[in-house]
Amino acid sequence: METEKLLYGFKGFLENEKMSSESTVSSYMADIRQYMEWCKKPLNEVNKTDILSYKMAIESRGVSVATVSRKIASIRCFYQFLMNSGAVDKDPTINIKSPKQERKTPETLTISEVERLLCAPDTNSIKGIRDRAILEIMYGSGLKVSEIVELKLDDINLELEYVKCSESSDGERYVPISKKAKAELQEYLKYGRHVLEKSDSETLFLNMRGDKLTRQGLWKMIKDYAKVANIDKNINPLTMRHSFAVHMIENGADIKSIQDLLGHVDISTTQIYQLKCDQKLKEVYRKTHPRSK
């Protein structure tokens, strides 16, 4: 197969079979282009030693362990596609281990910081009305950026107070909407969206030109409002999702329920939030127990 035809097929494999998010597709495609530029052999002649050599080449550039791990995952997925399509007859990535990543606890906001952030948009403007609704549903329902930008009008059921997320690789899931998010969404739908809409669109959140919001736009929005709210942390939209999970656990929610709300396939992904709460308990213990000093 020609290179571009092969890459086009791999992109379709990620989108249609793996149901990968937009960000994953973008990252994997870039990784495979880089790999194919490095690889001088025909793909069906590549062996385990070649993959290990590429792994060492990546590591020698001083990139993070997480980046190395993702690039290996990209190549592993690529060869799965090649095997399925009959382009190769052996998978050289079998038994290639990704580097172990340090399990870091996620950055979160305090309740006070969340309140300041949610109040940062100026709701006297159309943009502010829209942004307040986005922030409320982001924190109130724990949605990912990629899920928010893909929301359609009929994904929101204000009467029954739930949002349908279809972007997840595990299929659809239904997440409750908070009373506050419901109120802000009603404001946006009544006073904001119809002003922004320039053509017949089913997209829920529109940018100021009437087009679908982008992930990059949401990242910038969070950064800007963090400054307005005087939050001295390097936060992003994922911080809101982390805060959603940790605050619920701190208030008594069980891990399995958090897993379902976030749409995690593997519960070990969710348990990192429990670790965050456990660390907080240890800090309280060390500061307050007379025998811990």
Mean Cβ neighbour count within 10 Å, used as a protection proxy, ranking 231-241, 42-52 highest first: 231-241, 42-52
Dimensions (Å) - segment 180-239, Cα atoms, principal axes, largest first: 39, 25, 18
Per-q log10 I(q)/I(0), segment 3-85, q = 0.21 Å⁻¹ (Debye; single scatterer per alpha-carbon; no solvent): -1.03
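Looking at this model, which pairs from Lys11/Lys127; Lys97/Lys164; Lys5/Lys212; Lys182/Lys212; Lys144/Lys256 are more than 24 angstrom apart at the alpha-carbon?
Values: Lys11/Lys127 34 Å; Lys97/Lys164 36 Å; Lys5/Lys212 29 Å; Lys182/Lys212 21 Å; Lys144/Lys256 18 Å.
As for pairs spanning more than 24 Å Cα to Cα, those are Lys11/Lys127; Lys97/Lys164; Lys5/Lys212.
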Ellipsoid semi-axes in whole angstrom, largest first, where each is sqrt(5λ) of the Cα gyration tensor of the chain: 37, 27, 17
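How about segment 52-120: which GluC sites (Glu not before Pro) there are in a DSSP loop, with at most 13 other Cβ atoms within 10 Å of their Cβ? Can you show the working numbers first?
Working: sites: Glu59, Glu102, Glu107, Glu113, Glu115; in loops: Glu102, Glu107.
Listed in order of number, the matching sites are Glu102.
Bear in mind that the values in this text are calculations on the coordinates, not laboratory data. All values reported here derive from a predicted model rather than from experimental measurement. When we count neighbours, we look across all protein chains shown, and the Cβ atoms used for this are built from the backbone with ideal geometry, even at glycine.
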